Amino acid sequence: MAQHSAHAPARPAGQVVPLLDLDRMVLRRCVHCGLCLDFCPTYRLLGNELDSPRGRIWQVRALADGRIQPDDPHLRTHIGLCLDCRACETACPSGVQYGQIVEAARAVIPPASWRERLLRRLILGTIFPSPPLLELVGFGLRLYQKSGLQGLLRRSGLLRLLPGRLADLEAMLPPLQGGVFRRPLPPTIPAQGMRRARVALITGCVAAQFFNETNWATARVLARNGCEVVVPAAQRCCGALHLHSGEREVARALARQNIAAFEATGADYYVINAAGCGSTLKEYGHLLAHDPAWAERARAFSQRVRDVTELLAQLPLEPPRAALRCRVTYQDACHLAHGQRIREQPRQLLQAIPGLELVEMRGADECCGSAGIYNVVHYDVAVRLLEQKIAAIAATGAEIVAAANPGCLIQIAYGLRRQGLPLQVAHPVDLLDRAYAQEKASS
Ligand code: SF4
Ligand code: SF4
(Lines give C-alpha, C1' and ligand atoms only; values in the text may rest on other atoms or scores of the structure.)
(Ligands and ions follow the chains in the order given, each with its own letter.)
Protein backbone atom coordinates (compact mmCIF):
# COMPACT_ATOMS: atom_id res chain seq x y z
CA MET A 1 0.00 0.00 0.00
CA ALA A 2 1.09 3.57 -0.62
CA GLN A 3 2.19 5.41 2.47
CA HIS A 4 0.90 8.90 3.05
CA SER A 5 2.14 11.85 5.04
CA ALA A 6 0.54 12.60 8.39
CA HIS A 7 -0.54 15.93 6.91
CA ALA A 8 -3.87 16.33 5.08
CA PRO A 9 -3.58 16.18 1.26
CA ALA A 10 -3.37 19.64 -0.33
CA ARG A 11 -4.81 18.42 -3.68
CA PRO A 12 -8.53 17.85 -4.32
CA ALA A 13 -9.12 14.21 -3.30
CA GLY A 14 -11.35 13.45 -6.32
CA GLN A 15 -8.45 13.97 -8.74
CA VAL A 16 -6.02 11.74 -6.91
CA VAL A 17 -5.82 7.96 -7.32
CA PRO A 18 -5.64 7.08 -3.59
CA LEU A 19 -3.60 3.89 -4.02
CA LEU A 20 -0.98 5.62 -6.17
CA ASP A 21 -1.09 9.12 -4.67
CA LEU A 22 -1.12 10.28 -8.30
CA ASP A 23 -3.26 12.83 -10.10
CA ARG A 24 -5.68 10.85 -12.31
CA MET A 25 -5.21 13.37 -15.13
CA VAL A 26 -1.56 12.36 -15.46
CA LEU A 27 -2.74 8.87 -16.43
CA ARG A 28 -5.59 10.07 -18.64
CA ARG A 29 -3.36 12.32 -20.70
CA CYS A 30 -1.97 9.29 -22.59
CA VAL A 31 -4.00 8.82 -25.79
CA HIS A 32 -2.21 5.56 -26.73
CA CYS A 33 -0.86 7.02 -29.98
CA GLY A 34 2.39 5.05 -29.71
CA LEU A 35 4.58 7.91 -30.93
CA CYS A 36 6.89 7.31 -27.95
CA LEU A 37 7.56 3.65 -28.73
CA ASP A 38 10.56 4.11 -31.03
CA PHE A 39 12.23 6.32 -28.42
CA CYS A 40 11.95 3.73 -25.64
CA PRO A 41 15.19 1.75 -25.18
CA THR A 42 13.51 -1.24 -23.52
CA TYR A 43 10.82 -1.50 -26.20
CA ARG A 44 13.42 -1.31 -28.96
CA LEU A 45 15.57 -3.94 -27.26
CA LEU A 46 12.91 -6.36 -25.99
CA GLY A 47 10.20 -5.78 -28.61
CA ASN A 48 7.37 -6.26 -26.10
CA GLU A 49 4.46 -3.78 -25.92
CA LEU A 50 4.37 -4.32 -22.14
CA ASP A 51 7.94 -2.97 -22.00
CA SER A 52 6.95 0.20 -23.85
CA PRO A 53 5.75 3.49 -22.30
CA ARG A 54 2.24 2.94 -23.67
CA GLY A 55 2.12 -0.62 -22.34
CA ARG A 56 3.41 0.43 -18.94
CA ILE A 57 0.89 3.27 -18.67
CA TRP A 58 -1.85 0.79 -19.58
CA GLN A 59 -0.68 -1.49 -16.74
CA VAL A 60 -0.62 1.38 -14.23
CA ARG A 61 -4.15 2.38 -15.30
CA ALA A 62 -5.25 -1.19 -14.67
CA LEU A 63 -3.66 -0.91 -11.23
CA ALA A 64 -5.40 2.42 -10.56
CA ASP A 65 -8.76 0.92 -11.61
CA GLY A 66 -8.26 -2.14 -9.39
CA ARG A 67 -8.10 -4.57 -12.33
CA ILE A 68 -4.68 -5.80 -11.22
CA GLN A 69 -3.08 -5.83 -7.79
CA PRO A 70 0.22 -4.17 -6.72
CA ASP A 71 1.88 -7.59 -6.24
CA ASP A 72 1.00 -8.76 -9.77
CA PRO A 73 4.21 -10.46 -11.02
CA HIS A 74 3.83 -9.16 -14.61
CA LEU A 75 3.37 -5.60 -13.36
CA ARG A 76 6.49 -5.94 -11.20
CA THR A 77 8.52 -7.29 -14.13
CA HIS A 78 7.55 -4.67 -16.71
CA ILE A 79 7.59 -1.66 -14.39
CA GLY A 80 10.89 -2.96 -12.97
CA LEU A 81 12.42 -3.18 -16.46
CA CYS A 82 11.72 0.50 -17.15
CA LEU A 83 14.92 2.57 -17.03
CA ASP A 84 12.99 5.67 -15.88
CA CYS A 85 15.10 7.39 -18.56
CA ARG A 86 12.13 9.57 -19.56
CA ALA A 87 12.96 9.49 -23.27
CA CYS A 88 9.23 8.86 -23.71
CA GLU A 89 8.43 12.18 -22.00
CA THR A 90 10.37 14.30 -24.47
CA ALA A 91 8.92 12.24 -27.35
CA CYS A 92 5.29 12.48 -26.22
CA PRO A 93 3.20 15.13 -28.02
CA SER A 94 0.49 14.94 -25.32
CA GLY A 95 2.85 15.97 -22.51
CA VAL A 96 2.48 12.76 -20.48
CA GLN A 97 4.59 13.06 -17.32
CA TYR A 98 5.69 9.46 -17.44
CA GLY A 99 8.26 9.81 -14.62
CA GLN A 100 5.47 10.56 -12.15
CA ILE A 101 3.56 7.48 -13.31
CA VAL A 102 6.39 4.98 -12.99
CA GLU A 103 7.57 6.38 -9.66
CA ALA A 104 4.02 6.23 -8.24
CA ALA A 105 3.68 2.61 -9.38
CA ARG A 106 7.03 1.59 -7.92
CA ALA A 107 6.05 3.10 -4.57
CA VAL A 108 3.18 0.59 -4.21
CA ILE A 109 4.70 -2.53 -5.76
CA PRO A 110 5.98 -4.60 -2.82
CA PRO A 111 9.48 -6.15 -2.90
CA ALA A 112 9.54 -9.56 -4.62
CA SER A 113 11.25 -11.35 -1.71
CA TRP A 114 12.39 -10.91 1.89
CA ARG A 115 15.95 -10.59 0.54
CA GLU A 116 15.02 -7.63 -1.64
CA ARG A 117 13.13 -6.05 1.28
CA LEU A 118 16.19 -6.46 3.52
CA LEU A 119 18.60 -5.09 0.90
CA ARG A 120 16.37 -2.07 0.29
CA ARG A 121 16.15 -1.40 4.01
CA LEU A 122 19.91 -1.75 4.47
CA ILE A 123 21.16 0.12 1.40
CA LEU A 124 18.44 2.68 0.66
CA GLY A 125 16.92 3.05 4.12
CA THR A 126 20.07 2.90 6.27
CA ILE A 127 23.32 3.57 4.35
CA PHE A 128 22.29 6.27 1.86
CA PRO A 129 20.56 8.57 4.37
CA SER A 130 23.57 8.39 6.74
CA PRO A 131 26.67 10.49 5.84
CA PRO A 132 28.95 8.59 8.31
CA LEU A 133 27.94 5.20 6.85
CA LEU A 134 28.45 6.49 3.28
CA GLU A 135 31.85 7.79 4.32
CA LEU A 136 32.71 4.39 5.79
CA VAL A 137 31.66 2.55 2.60
CA GLY A 138 33.60 5.06 0.45
CA PHE A 139 36.68 4.69 2.66
CA GLY A 140 36.49 0.88 2.44
CA LEU A 141 36.24 0.97 -1.36
CA ARG A 142 39.11 3.45 -1.70
CA LEU A 143 41.25 1.35 0.64
CA TYR A 144 40.41 -1.76 -1.42
CA GLN A 145 41.54 0.00 -4.61
CA LYS A 146 44.43 2.15 -3.47
CA SER A 147 46.08 -0.54 -1.30
CA GLY A 148 46.53 -2.68 -4.42
CA LEU A 149 44.19 -5.41 -3.13
CA GLN A 150 41.78 -4.91 -6.02
CA GLY A 151 44.56 -5.25 -8.61
CA LEU A 152 45.90 -8.36 -6.90
CA LEU A 153 42.48 -10.03 -6.75
CA ARG A 154 41.66 -9.11 -10.35
CA ARG A 155 44.95 -10.51 -11.64
CA SER A 156 44.62 -13.68 -9.57
CA GLY A 157 41.24 -14.55 -11.11
CA LEU A 158 39.86 -15.21 -7.60
CA LEU A 159 37.03 -12.72 -8.17
CA ARG A 160 35.50 -15.16 -10.66
CA LEU A 161 34.73 -17.44 -7.69
CA LEU A 162 32.35 -14.86 -6.22
CA PRO A 163 28.70 -16.03 -6.23
CA GLY A 164 26.03 -14.70 -8.59
CA ARG A 165 26.66 -11.36 -10.22
CA LEU A 166 29.19 -10.14 -7.63
CA ALA A 167 32.18 -10.48 -9.98
CA ASP A 168 30.39 -8.36 -12.62
CA LEU A 169 29.48 -5.76 -10.00
CA GLU A 170 33.07 -5.62 -8.79
CA ALA A 171 34.23 -5.13 -12.38
CA MET A 172 31.89 -2.12 -12.66
CA LEU A 173 33.64 -0.31 -9.82
CA PRO A 174 35.40 2.69 -11.41
CA PRO A 175 38.78 4.00 -10.21
CA LEU A 176 37.71 6.19 -7.29
CA GLN A 177 39.10 9.73 -7.44
CA GLY A 178 41.57 11.01 -4.83
CA GLY A 179 43.49 9.14 -2.13
CA VAL A 180 42.31 6.69 0.55
CA PHE A 181 41.29 9.61 2.75
CA ARG A 182 38.73 11.86 1.10
CA ARG A 183 39.61 15.56 0.97
CA PRO A 184 36.35 17.30 1.93
CA LEU A 185 35.47 20.67 0.46
CA PRO A 186 35.76 23.67 2.80
CA PRO A 187 32.50 25.30 4.01
CA THR A 188 33.11 28.40 1.83
CA ILE A 189 35.12 29.09 -1.32
CA PRO A 190 35.35 32.79 -2.21
CA ALA A 191 34.44 34.12 -5.64
CA GLN A 192 37.31 35.20 -7.88
CA GLY A 193 36.94 38.78 -9.07
CA MET A 194 33.57 40.48 -8.82
CA ARG A 195 30.95 38.31 -7.08
CA ARG A 196 28.19 37.39 -9.53
CA ALA A 197 26.22 34.97 -7.33
CA ARG A 198 26.26 33.09 -4.05
CA VAL A 199 25.71 29.38 -4.71
CA ALA A 200 25.28 26.39 -2.41
CA LEU A 201 26.92 23.25 -3.76
CA ILE A 202 25.10 19.93 -3.53
CA THR A 203 27.92 17.42 -3.26
CA GLY A 204 25.85 14.22 -3.66
CA CYS A 205 26.18 10.88 -1.89
CA VAL A 206 27.80 8.53 -4.44
CA ALA A 207 29.38 11.53 -6.20
CA ALA A 208 31.05 12.75 -3.01
CA GLN A 209 32.63 9.32 -2.48
CA PHE A 210 33.43 8.36 -6.09
CA PHE A 211 33.93 11.74 -7.78
CA ASN A 212 35.31 13.96 -5.04
CA GLU A 213 37.81 15.61 -7.39
CA THR A 214 34.98 16.48 -9.79
CA ASN A 215 33.23 18.20 -6.88
CA TRP A 216 36.42 20.17 -6.26
CA ALA A 217 36.62 21.01 -9.97
CA THR A 218 32.99 22.16 -9.86
CA ALA A 219 33.70 24.48 -6.92
CA ARG A 220 36.84 25.88 -8.61
CA VAL A 221 35.07 26.49 -11.93
CA LEU A 222 32.17 28.22 -10.18
CA ALA A 223 34.56 30.38 -8.13
CA ARG A 224 36.54 31.20 -11.30
CA ASN A 225 33.25 32.42 -12.79
CA GLY A 226 32.50 34.79 -9.93
CA CYS A 227 30.46 32.51 -7.66
CA GLU A 228 30.92 32.44 -3.93
CA VAL A 229 30.47 28.73 -3.15
CA VAL A 230 29.11 27.45 0.15
CA VAL A 231 28.94 23.76 1.04
CA PRO A 232 26.22 23.08 3.64
CA ALA A 233 27.36 20.41 6.10
CA ALA A 234 23.78 19.36 6.92
CA GLN A 235 22.95 18.26 3.35
CA ARG A 236 21.92 14.67 2.68
CA CYS A 237 21.50 12.30 -0.28
CA CYS A 238 18.85 13.85 -2.59
CA GLY A 239 16.63 10.73 -2.56
CA ALA A 240 16.73 10.10 -6.34
CA LEU A 241 17.67 6.42 -5.98
CA HIS A 242 14.92 6.01 -3.38
CA LEU A 243 12.32 7.62 -5.59
CA HIS A 244 13.26 5.51 -8.61
CA SER A 245 13.17 2.36 -6.46
CA GLY A 246 9.79 3.03 -4.87
CA GLU A 247 11.03 4.27 -1.48
CA ARG A 248 9.04 7.49 -1.71
CA GLU A 249 8.72 8.15 2.03
CA VAL A 250 12.50 7.94 2.56
CA ALA A 251 12.91 10.33 -0.40
CA ARG A 252 10.44 12.75 1.22
CA ALA A 253 12.28 12.65 4.55
CA LEU A 254 15.58 13.39 2.77
CA ALA A 255 13.95 16.21 0.80
CA ARG A 256 12.77 17.90 4.00
CA GLN A 257 16.29 17.73 5.48
CA ASN A 258 17.84 19.18 2.32
CA ILE A 259 15.31 22.00 2.06
CA ALA A 260 16.06 23.08 5.64
CA ALA A 261 19.83 22.78 5.09
CA PHE A 262 19.87 24.84 1.88
CA GLU A 263 17.39 27.50 3.01
CA ALA A 264 19.83 28.30 5.82
CA THR A 265 22.59 29.16 3.31
CA GLY A 266 20.83 32.22 1.88
CA ALA A 267 22.25 31.23 -1.54
CA ASP A 268 20.86 32.49 -4.86
CA TYR A 269 21.16 29.04 -6.44
CA TYR A 270 21.60 25.44 -5.31
CA VAL A 271 24.03 23.84 -7.76
CA ILE A 272 24.51 20.18 -8.61
CA ASN A 273 26.81 18.39 -11.06
CA ALA A 274 24.83 15.12 -11.15
CA ALA A 275 21.93 15.06 -13.62
CA GLY A 276 19.93 12.32 -11.89
CA CYS A 277 20.05 14.17 -8.57
CA GLY A 278 19.31 17.54 -10.20
CA SER A 279 16.18 16.16 -11.81
CA THR A 280 14.90 14.90 -8.44
CA LEU A 281 15.85 18.13 -6.64
CA LYS A 282 13.90 20.12 -9.23
CA GLU A 283 10.90 17.91 -8.47
CA TYR A 284 10.86 18.34 -4.68
CA GLY A 285 7.93 20.70 -5.27
CA HIS A 286 5.96 17.80 -6.73
CA LEU A 287 7.25 15.27 -4.19
CA LEU A 288 5.98 17.34 -1.25
CA ALA A 289 2.95 18.89 -2.97
CA HIS A 290 0.63 16.89 -0.68
CA ASP A 291 2.25 18.26 2.47
CA PRO A 292 0.93 21.71 3.47
CA ALA A 293 3.80 22.27 5.91
CA TRP A 294 6.44 21.77 3.21
CA ALA A 295 4.78 22.29 -0.20
CA GLU A 296 5.65 25.98 -0.57
CA ARG A 297 9.18 25.57 0.79
CA ALA A 298 9.74 22.63 -1.57
CA ARG A 299 8.55 24.65 -4.58
CA ALA A 300 10.84 27.56 -3.63
CA PHE A 301 13.75 25.14 -3.16
CA SER A 302 13.24 23.54 -6.58
CA GLN A 303 13.15 26.92 -8.30
CA ARG A 304 16.67 27.66 -7.06
CA VAL A 305 18.19 24.36 -8.24
CA ARG A 306 20.50 24.55 -11.25
CA ASP A 307 22.60 21.97 -12.99
CA VAL A 308 26.16 23.33 -12.98
CA THR A 309 26.23 23.48 -16.81
CA GLU A 310 22.91 25.36 -16.79
CA LEU A 311 24.15 27.94 -14.29
CA LEU A 312 27.51 28.47 -16.01
CA ALA A 313 25.77 29.07 -19.34
CA GLN A 314 23.30 31.40 -17.62
CA LEU A 315 26.00 33.54 -15.89
CA PRO A 316 27.45 33.36 -18.72
CA LEU A 317 30.76 31.45 -18.68
CA GLU A 318 34.07 33.27 -18.86
CA PRO A 319 35.78 31.15 -21.55
CA PRO A 320 39.20 29.75 -20.65
CA ARG A 321 42.07 31.51 -22.39
CA ALA A 322 44.31 28.43 -22.60
CA ALA A 323 43.78 25.63 -25.10
CA LEU A 324 42.97 22.00 -24.35
CA ARG A 325 43.72 20.09 -27.52
CA CYS A 326 41.48 17.02 -27.53
CA ARG A 327 38.62 15.36 -29.37
CA VAL A 328 35.56 14.96 -27.14
CA THR A 329 32.17 13.34 -27.60
CA TYR A 330 29.29 14.23 -25.30
CA GLN A 331 26.74 11.80 -23.85
CA ASP A 332 23.42 13.39 -22.85
CA ALA A 333 22.53 12.05 -19.40
CA CYS A 334 18.85 11.02 -19.58
CA HIS A 335 17.90 13.08 -16.56
CA LEU A 336 19.59 16.14 -18.05
CA ALA A 337 18.26 15.87 -21.63
CA HIS A 338 14.86 14.33 -20.91
CA GLY A 339 14.36 15.09 -17.20
CA GLN A 340 15.55 18.73 -17.29
CA ARG A 341 15.57 19.47 -21.05
CA ILE A 342 19.18 20.64 -20.87
CA ARG A 343 21.03 19.76 -24.06
CA GLU A 344 22.67 22.88 -25.43
CA GLN A 345 24.39 24.29 -22.33
CA PRO A 346 26.91 21.44 -21.73
CA ARG A 347 27.83 21.50 -25.43
CA GLN A 348 28.24 25.30 -25.35
CA LEU A 349 30.60 25.00 -22.37
CA LEU A 350 32.70 22.35 -24.09
CA GLN A 351 32.85 24.39 -27.28
CA ALA A 352 34.00 27.41 -25.27
CA ILE A 353 37.27 25.60 -24.50
CA PRO A 354 39.86 26.62 -27.11
CA GLY A 355 41.36 23.66 -28.96
CA LEU A 356 38.61 21.23 -27.91
CA GLU A 357 36.90 19.52 -30.84
CA LEU A 358 33.37 18.32 -30.05
CA VAL A 359 32.15 15.40 -32.17
CA GLU A 360 28.57 14.18 -31.88
CA MET A 361 27.94 10.48 -31.43
CA ARG A 362 24.98 8.62 -32.90
CA GLY A 363 22.07 8.57 -30.43
CA ALA A 364 23.80 10.80 -27.84
CA ASP A 365 20.55 11.14 -25.88
CA GLU A 366 19.89 7.39 -25.69
CA CYS A 367 20.36 5.71 -22.32
CA CYS A 368 23.71 4.02 -21.62
CA GLY A 369 22.02 1.51 -19.30
CA SER A 370 23.19 3.06 -16.04
CA ALA A 371 19.82 4.43 -14.83
CA GLY A 372 20.43 4.64 -11.08
CA ILE A 373 20.84 1.05 -9.87
CA TYR A 374 19.36 -0.46 -13.06
CA ASN A 375 22.79 -1.73 -14.17
CA VAL A 376 23.01 -3.64 -10.88
CA VAL A 377 19.43 -4.97 -10.81
CA HIS A 378 19.04 -5.66 -14.56
CA TYR A 379 22.65 -6.29 -15.52
CA ASP A 380 21.98 -8.16 -18.79
CA VAL A 381 19.67 -5.53 -20.31
CA ALA A 382 21.97 -2.74 -19.09
CA VAL A 383 24.99 -4.36 -20.76
CA ARG A 384 23.17 -4.72 -24.08
CA LEU A 385 22.36 -1.00 -24.00
CA LEU A 386 25.93 -0.24 -22.96
CA GLU A 387 27.37 -2.20 -25.89
CA GLN A 388 25.32 -0.08 -28.32
CA LYS A 389 26.53 3.07 -26.59
CA ILE A 390 30.20 2.05 -26.70
CA ALA A 391 29.92 1.27 -30.42
CA ALA A 392 28.51 4.77 -31.02
CA ILE A 393 31.31 6.32 -28.94
CA ALA A 394 34.04 4.34 -30.69
CA ALA A 395 32.74 5.45 -34.10
CA THR A 396 33.44 9.11 -33.26
CA GLY A 397 37.19 8.63 -32.86
CA ALA A 398 37.05 10.75 -29.68
CA GLU A 399 39.68 10.48 -26.95
CA ILE A 400 37.37 11.66 -24.17
CA VAL A 401 33.70 10.95 -23.40
CA ALA A 402 32.06 13.75 -21.44
CA ALA A 403 28.85 13.25 -19.44
CA ALA A 404 27.30 15.35 -16.69
CA ASN A 405 26.22 12.51 -14.43
CA PRO A 406 28.24 10.16 -12.19
CA GLY A 407 26.12 7.11 -13.09
CA CYS A 408 26.78 7.59 -16.83
CA LEU A 409 30.50 8.12 -16.20
CA ILE A 410 30.70 4.88 -14.18
CA GLN A 411 28.72 2.88 -16.75
CA ILE A 412 30.56 4.21 -19.81
CA ALA A 413 33.96 3.73 -18.15
CA TYR A 414 32.94 0.12 -17.44
CA GLY A 415 31.91 -0.40 -21.07
CA LEU A 416 35.20 1.05 -22.32
CA ARG A 417 37.22 -1.21 -19.97
CA ARG A 418 35.22 -4.27 -21.08
CA GLN A 419 36.18 -3.58 -24.68
CA GLY A 420 39.75 -2.52 -23.93
CA LEU A 421 39.24 0.98 -25.35
CA PRO A 422 41.68 3.57 -23.98
CA LEU A 423 39.26 6.55 -23.88
CA GLN A 424 38.96 8.75 -20.81
CA VAL A 425 35.65 9.74 -19.22
CA ALA A 426 35.15 13.19 -17.72
CA HIS A 427 32.48 15.59 -16.52
CA PRO A 428 32.36 18.81 -18.62
CA VAL A 429 33.46 20.78 -15.52
CA ASP A 430 36.55 18.56 -15.24
CA LEU A 431 37.54 19.68 -18.74
CA LEU A 432 36.80 23.33 -18.00
CA ASP A 433 38.83 23.04 -14.81
CA ARG A 434 41.77 21.58 -16.77
CA ALA A 435 41.60 24.46 -19.24
CA TYR A 436 41.55 27.06 -16.44
CA ALA A 437 44.52 25.30 -14.81
CA GLN A 438 46.42 25.54 -18.14
CA GLU A 439 45.59 29.22 -18.20
CA LYS A 440 47.17 29.69 -14.76
CA ALA A 441 50.21 27.58 -15.68
CA SER A 442 50.90 29.63 -18.81
CA SER A 443 50.35 33.09 -17.21
S1 SF4 B 1 2.84 8.38 -23.66
FE2 SF4 B 1 2.41 10.02 -25.14
S3 SF4 B 1 3.40 9.34 -27.04
FE4 SF4 B 1 3.26 7.54 -25.70
S5 SF4 B 1 1.34 6.53 -26.28
FE6 SF4 B 1 0.83 7.92 -24.57
S7 SF4 B 1 0.21 9.84 -25.55
FE8 SF4 B 1 1.25 8.64 -27.14
S1 SF4 C 1 11.26 5.86 -19.08
FE2 SF4 C 1 12.60 5.09 -20.72
S3 SF4 C 1 12.54 2.85 -20.50
FE4 SF4 C 1 10.82 3.67 -19.30
S5 SF4 C 1 9.08 3.61 -20.69
FE6 SF4 C 1 9.97 5.68 -20.90
S7 SF4 C 1 11.45 5.51 -22.59
FE8 SF4 C 1 10.93 3.41 -21.95
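The values are calculated or read from the model by the stated rules, or taken from the named source; none is laboratory data. Everything quoted here is computed from the prediction, not taken from an experiment. For neighbour counting, all protein chains shown are included, and Cβ atoms are generated from backbone atoms with ideal geometry for every residue, glycine included.
Key figures for this structure:
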| read-out | value |
| --- | --- |
| Conditions (1) assigned by TED's automatic domain parsing to the domain that holds ASP51; (2) among the hydrophobic types (A, V, I, L, M, F, W, C); (3) over 21 Å from LEU287 (Cα atoms): number failed by ILE79 | (3) |
| GLU89 within 16 Å of ligand 1 (Cβ to nearest atom), at pLDDT below 95 and crowded, with 17+ Cβ neighbours inside 10 Å | no |
| Near pairs, Cβ below 9 angstrom, 6+ apart or cross-chain, from segment 219-236 (on the phi > 0 side of the Ramachandran plot) to any residue that is in a loop (DSSP other than H, G, I, E, B) | GLY226/ALA191; GLY226/GLN192; GLY226/GLY193; GLY226/MET194; GLY226/ARG195; GLY226/ARG196; GLY226/LEU315; GLY226/GLU318 |
| One residue from ALA289, ALA293, ALA298 being among the aliphatic types (A, V, I, L, M), at pLDDT 95 or above, closer than 24 Å to LEU243 by Cβ and in a loop (DSSP other than H, G, I, E, B) | ALA293 |
| Looking only at segment 86-105, and only at residues there that are more than 9 Å from ligand 2 (Cβ to nearest atom) and among the small types (Gly, Ala, Ser), the one that is farthest from GLY276 (Cα to Cα) | SER94 |
| Any hit, segment 301-315, residues being more than 23 Å from LEU22 (Cα to Cα) and part of a loop (DSSP other than H, G, I, E, B) | yes |
| Out of LEU63, LEU83, LEU45, LEU20, sole residue that is in contact (Cβ under 8 Å) with a residue 60 or more places away in the chain, farther than 19 Å from GLY276 by Cβ and surrounded by 22 or more Cβ atoms within 10 Å (Cβ to Cβ) | LEU20 |
| Yes/no for ILE373 being closer than 30 Å to GLY164 by Cβ and more than 19 Å from the chain's Cα centre (by Cα) | no |
| Of residues in segment 45-67 being within 9 Å of ligand 2 (Cβ to nearest atom) and of a type in the set (Lys, Arg), the one farthest from ALA382 (Cα to Cα) | ARG54 |
| Some residue of segment 62-75 being more than 22 Å from CYS238 (Cβ to Cβ), within 23 Å of the chain's Cα centre (by Cα) and modelled with pLDDT of 95 or more | no |
| Some residue of segment 366-389 being touching a Cys at 6+ places or on another chain (Cβ under 7 Å) and modelled with pLDDT under 95 | yes |
| Filtered residues of segment 405-422 (kept if surrounded by fewer than 18 Cβ atoms within 10 Å (Cβ to Cβ) and within 30 Å of ARG321 (Cα to Cα)) | PRO422 |
| Qualifying position, being in contact with a Cys (Cβ under 7 Å, 6 or more places away or on another chain), closer than 24 Å to HIS378 by Cα and in a helix (DSSP H, G or I), among LEU119, LEU124, LEU134 | LEU134 |
| Residue in segment 116-124 that is buried (at least 20 other Cβ atoms within 10 Å of the Cβ), under 28 Å from ALA234 (Cα atoms), within 24 Å of the chain's Cα centre (by Cα) and not assigned by TED's automatic domain parsing to the domain that holds SER370 present | yes |
| Residue under evaluation LEU315, criteria (1) surrounded by 20 or more Cβ atoms within 10 Å (Cβ to Cβ); (2) among the aliphatic types (A, V, I, L, M); (3) under 22 Å from THR203 (Cβ atoms), criterion not met | (1) |
| Cβ-Cβ under 6 Å pairs, at least 6 apart or on other chains, segment 160-184 side closer than 19 Å to LYS146 by Cα and at pLDDT 85 or above, far side surrounded by 15 or more Cβ atoms within 10 Å (Cβ to Cβ) and of a type in the set (Gly, Ala, Ser) | PRO174/ALA413 |
| Tabulated pairs, segment 246-270, first free of Cβ contacts under 8 Å to residues at least 60 places away in the same chain and closer than 14 Å to VAL231 by Cβ, second buried (at least 16 other Cβ atoms within 10 Å of the Cβ) and among the hydroxyl-bearing types (Ser, Thr, Tyr), C-beta under 9 angstrom, 6+ apart or interchain | ASN258/TYR270; ASN258/TYR284 |
